[in-house]
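A.B. asks: Before anything else, here's the structure in question.
Read the figures in this text as sums done on the coordinates, not as results from a lab. In this text, all values refer to a predicted model and were calculated from it rather than measured experimentally. Glycine also receives a Cβ, built like all others from the backbone with ideal geometry; neighbour counts cover every protein chain displayed.
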Amino acid sequence: MRLLLRMAWRNVWRNKRRSIITIAAVTFAVMLAVVMRGMQLGTYEKNIEQVVRLSSGYLQVQRPGYQENPTLRRSFVYDSTLQRILKSETRINGFSPRIYADALLSKRDNSFGAMLVGIDPENENLVSDFSKRVRRGRFIKPGLRYEVVVGEKLLQNLGVDLGDSVVVLTQGFDGFLRDAFCTIVGVVKTGSSELDRAAVFLPIKAAQDLLGMDGRVSVVAISLYRLSDLEKVKRHLQERLKPLNLKVLTWGEVMPSFKQSIEFDNVGGLLFLAILVVVVAFGILNTMLMAVTERFREFGVVLALGMPQMRLVVLVLYEILMILVIGLAAGNLLGGSVNWYILKHPIYMGKQLEELYSQFGFLPYMWSTLRWQIFLNNSLTILLVALVASAYPLWKVYRLEPLKGIRYT
């Protein structure tokens, strides 16, 4: 085996130009695949983090059926047992109870529909970035305060300003209409058209008092340290919360349309990678077939001298593997370097795309990632496809007869 490896290594560099061109092709393909996949997944991760911190959280605890029919009747008691279970999960960064309700905001003759969001200001910062999106005034404070922070567009539609009082009319937990005078203390601009047009944030204590929901909440939003822990945490929590008749949903289940848009874009990226791999496969097939064919006379001589047919095939296979390994190593090194640079210096996509992306809560940047799965998956895929493409040249060597090889011109 050692002799075959030494012979294979020497054979690789007998024709340096051809070997370098083949290695360069593999290197470029691996680098392009790693960079493209890294940018795709890295950008997904950042945008998922951005969107979930402006809406659902990574996970949500709900009553069964709330997602399909989000009414106050499907609320639940936020008690110490639930809090103890959530605190015991070390992969959870933070959690915060929320109340969602439809409401009508009025000021003189102006009335607009709104989404009432009762939150715990002290815990909400661990789950969302609502407080960081305040453009004017301040964020709400904990306690039984009838103070609200409203979306920028809603403020404009109502024709009010900071310090003004508005009437909040809503249907309580008992089904009766309830109202309260609330003072506007802040204005948020989240980048999400839905929130900026309808969101009304108030302390959860005030929301429970207004809606008659003593100790009850609609959902509990959960933040994680790492997105990769999502499914593990969900399964673990689901087992422990099942006796409480509570359900755990991921961000993708809470926001299915957002998840579908990412999956659709992901399919396009995988299709491009598939085309790239096929092109590389044909390039390797062509190069290796030429390399094998021009050496038929040499192969014929060594076969005539008594070299076993299978040993010759293994020798050529070693040559192919050496070229592939060098190309894969160089491609992963270059691709990883590019991904690291983009991770540290995100690519800005321009002012026009910034305005477009802001409507959906996305960031106008492209990031990358250094997740090891990207390097492993791309390397194995290209290696496998290259070996499949090399099967025909190897088969030609296996079928070669000594006399025909010597006479080959």
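A.B. asks: For the range 1-150, go through all pairs of different Cα atoms, get the mean of 1/r, take its inverse, and jot down that Kirkwood value in Å.
C.D. replies: 21.2
A.B. asks: Give the shape of the range 133-238 as rounded, prolate or oblate, defined through the alpha-carbon gyration tensor: a ≥ b ≥ c are the square roots of its eigenvalues, a/c under 1.5 means rounded, and otherwise the shape is prolate if a/b is larger than b/c and oblate if not.
C.D. replies: Here the range 133-238 falls in the oblate category.
A.B. asks: Kirkwood Rh and Cα-based Rg: tell me the resulting Rg over Rh for the range 59-254, rounded to two decimals.
C.D. replies: Radius of gyration over Kirkwood radius for the range 59-254 works out to 0.97.
A.B. asks: Tell me which label goes with the value of P(r) over Cα pairs in 20 Å bins from 0, in percent computed from the coordinates here: (1) 26, 58, 15, 1, 0; (2) 22, 37, 22, 14, 4, 0; (3) 22, 50, 27, 1.
C.D. replies: Only one option fits the structure, namely (2).
A.B. asks: OK, next. Going by the alpha-carbon gyration tensor, a ≥ b ≥ c the square roots of its eigenvalues, is the range 73-189 rounded (a/c under 1.5) or, if a/c is not under 1.5, prolate (a/b greater than b/c) versus oblate?
C.D. replies: Oblate, since a/c reaches 1.5 and b/c is not below a/b.
A.B. asks: Let me ask something additional. So which DSSP H runs in the chain come out at 24 Å plus along the axis (Cα) with average Kyte-Doolittle of at least 1.6?
C.D. replies: 372-389
A.B. asks: Run the dipole for the range 59-254 about the Cα centre, Lys and Arg Cβ at +1, Asp and Glu Cβ at -1, nothing else charged, and hand back the magnitude in debye, nearest 20.
C.D. replies: Roughly 480 debye for the range 59-254.
A.B. asks: Which value in nm describes the separation of the simple spin-label points at residue 162 and residue 340, placed 7 Å from the Cα toward the beta carbon?
C.D. replies: Between residue 162 and residue 340, the simple spin-label model gives 4.5 nm.
A.B. asks: Charges on Cβ only, +1 for Lys and Arg, -1 for Asp and Glu, centred on the Cα centroid of the range 59-254; of 203, 113, 125, which one is farthest towards the dipole's positive end?
C.D. replies: 125
A.B. asks: Here's another thing I want to ask about it. Using Cα pairs under 8 angstrom and six or more residues apart, how large is the relative contact order of the range 69-156, in percent?
C.D. replies: 21
A.B. asks: For 95, 176, 28, which order do you get if you count the other beta carbons within 10 Å of each Cβ and list the fewest first?
C.D. replies: Least crowded to most crowded, the residues run 176, 28, 95.
A.B. asks: Let me know the Rg and Dmax you get for the range 132-184 when you use only its Cα atoms, in Å.
C.D. replies: Computed over the Cα atoms of the range 132-184, radius of gyration and Dmax are 12.4, 36 Å.
A.B. asks: Okay, next question. Karplus couplings for the range 113-129 from phi (6.51 cos²θ - 1.76 cosθ + 1.60, θ = phi - 60°), rounded to Hz, Gly and Pro as x?
C.D. replies: Running phi through 6.51 cos²θ - 1.76 cosθ + 1.60 with θ = phi - 60° gives x, 9, 10, 7, 10, x, 10, 9, x, 6, 9, 5, 5, 7, 10, 9, 10 Hz.
A.B. asks: If you place +1 on the Cβ of every Lys and Arg and -1 on the Cβ of every Asp and Glu, how big does the dipole about the Cα centre of the chain come out, in debye to the nearest 20?
C.D. replies: Dipole magnitude for the chain comes out near 2020 debye.
A.B. asks: Just to be sure I understand the model, the point goes 7 Å from the Cα along the line to the Cβ. What's the resulting residue 260 to residue 179 distance in nm?
C.D. replies: 3.9
A.B. asks: Right, something else. Based only on other Cβ atoms within 10 Å, what is the fewest-to-most ordering of 124, 263?
C.D. replies: Ordered from fewest to most neighbouring Cβ atoms within 10 Å, 124, 263 come out as 263, 124.
A.B. asks: Given a cut-off of under 8 Å on Cα pairs at least six residues apart, what relative contact order in percent is computed for the chain?
C.D. replies: For the chain, the relative contact order is 27 percent.
A.B. asks: To the nearest 0.05, how large is the calculated FRET efficiency for residue 136 and residue 270 if R₀ is 51 Å and r is the Cβ-Cβ distance?
C.D. replies: E between residue 136 and residue 270, to the nearest 0.05, is 0.70.
A.B. asks: Additional query: Once a ≥ b ≥ c are taken as the square roots of the eigenvalues of the Cα gyration tensor of the range 97-140, is the result rounded (a/c under 1.5), prolate (a/b larger than b/c) or oblate (a/b not larger than b/c)?
C.D. replies: oblate
A.B. asks: Multiplying the sequence separation of residue 333 and residue 226 by 0.36 nm and subtracting their Cα-Cα distance, what value in nm do you get?
C.D. replies: 36.0 nm
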